[in-house]
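To keep things clear, I will list the structure first and then write my remarks on it.
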Amino acid sequence: MPLRNGRRVAVVAGCRTPFCKSGTSLKDARAVDLARFVTRELLERTSLDAAEVDAVIFGQVVPSALVPNVAREVSLLPQFPREIPAYSLNRACASSAQAVANASDEIALGDADVVLAGGVESLSDIPILASRRLADILVEASKAKTLGARFRTFSRIRPRDLVPVSPAIAEPSTGETMGQSAEKMAKQNHIARDAQDRWALRSHELAARGTDDGRLTAEIAPWFPERPAEPVLTTDNGIRRDTSLEQMAKLRPVFDRQYGSVTAANSSPLTDGASAVLVMSDEAARALGYTPLAYVRSYAVAAVDPGWQLLQAPIFAVPTALERAGIQWADLGLIEVHEAFAAQVLSNFQGWAAKGWEINPDIINVMGGSIAIGHPFGATGGRIVTTLANEMARRDVQFGLLSICAQGGMAIAVVLERR
Ligand SMILES: CC(C)(COP(=O)(O)OP(=O)(O)OC[C@H]1O[C@@H](n2cnc3c(N)ncnc32)[C@H](O)[C@@H]1OP(=O)(O)O)[C@@H](O)C(=O)NCCC(=O)NCCS
């Protein structure tokens, strides 16, 4: 086991909220509420004295304009002393995996011993922006010296200026949406609709199994809705037990309605949720009485030209992470691949298979993935780190890998080890 700077970084525990399709059960919660809730729960579950935490790092992709640094609001929970520094980061869908990676760097460098790394997204609570022209007029009006000048500025507002602008899930550089990119990858890599639907069905079946046998449920902090009449949420609400290949086959493609193959069933849904992971130096973990679930052995990020195959960077991040870990693909006992779209998962597999690597479904996404569980962008990495580390501990698997594709043509890969 290679030490970084003589230090070893332990994944001690993690948990998350239920992941809910946006606009459903978590729609009234703000992202900051979800992030604070999941952090409180993790502190409770681990009985950690919050004063032991040296830093808080949270990933978020679409932050609220009112709470731009959600991590700091987390570290201002009453449980923490006021002096714990915190920052939020955005590496798109890889954000909370990046938060764990950054935590691991701080610990390896000796700058921290205990870091709380997490992520959150509320796609029910996205910032709705004023049009640029309206914003300019409002700024100008605020600077007007007389009431008359202010009214004259306001009188320039036209109805079209009042149309709100909401953020799109599109690449700023190419204008292509994630779904269009997945569609393009399906076509270029010859990924058939049937293969995509089969992968999606598998995701639902395995996620349902992982929920029923308690493995996923154990990672979920039950959410108590504000209105007491509503049921307590203990599971993800996107997992479909009623679906079948026949039903999926009936759906019309969303992103290329005529010739496409990417549908609502073989895409991850827009989702709300939060996750948190406790990362510690091995010494601190042991001194505080914890048994680590796994250790961070290496990580790597990669990027490709967004105009190429936007979600294909995992085929570059994974080899680098394995090389840095000093292990081979064949050494891996468990693999977690983020499922933005089935077309992307199967394209990533193609890229890895081209290296002569065997794609063994028995060790991949053994409790399903983001298609069924959901994908709150900023929170997915924390979910996957937690699930991978827990399952590695359960099976006593020595090496596990996670791979997450992200907007901007990026990806992160993390290698965990048990001993
Ligand atoms: C694909 C997408 C546009 C679908 O959104 P949506 O239309 O709101 O999705 P819904 O859940 O309402 O599903 C649409 C229909 O398909 C059906 N459906 C969805 N999944 C199904 C399944 N597994 N089996 C059977 N039917 C299914 C729904 O029941 C619904 O049917 P209805 O219209 O009769 O109610 C949306 O989920 C999306 O944008 N996903 C991609 C998110 C993304 O880009 N993420 C970034 C990744 S990096």
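Which whole-angstrom value gives the distance between the alpha carbon centres of the stretch 66-138 and the stretch 1-42?
Centre-to-centre distance over Cα atoms comes out at 12 Å.
Which residues does the label zone of Asp256 cover in the stretch 177-207, counting backbone N under 12 Å from a point 7 Å along Cα→Cβ?
Residues 180-193 fall inside that zone.
Determine, for Ile327, Ile169, the number of other Cβ atoms within 10 Å of each Cβ, and report the residues in order from fewest to most.
Ordered by Cβ neighbours within 10 Å, fewest first: Ile169, Ile327.
Obtain the nm distance between the two label points defined at Val163 and Tyr87 by a simple spin-label model: each point lies 7 Å from its Cα along the Cα-to-C-beta direction.
3.9 nm
For the chain, modelled as a Gaussian network with Cα springs under 10 Å, which listed residue fluctuates most, Gly260, Gly409, Gly110?
Gly110
Go through 279-288, 143-152 and give me the packing order, highest mean Cβ count within 10 Å leading.
So the order, starting with the most tightly packed, is 279-288, 143-152.
Every number here is computed from the coordinates shown, using simple stated rules; none is lab data. On a predicted model such as this, the values are computed, not experimentally measured, just so you know. Ideal geometry is used to build each Cβ from the backbone, glycine not excepted, and the neighbour counts take in all protein chains shown.
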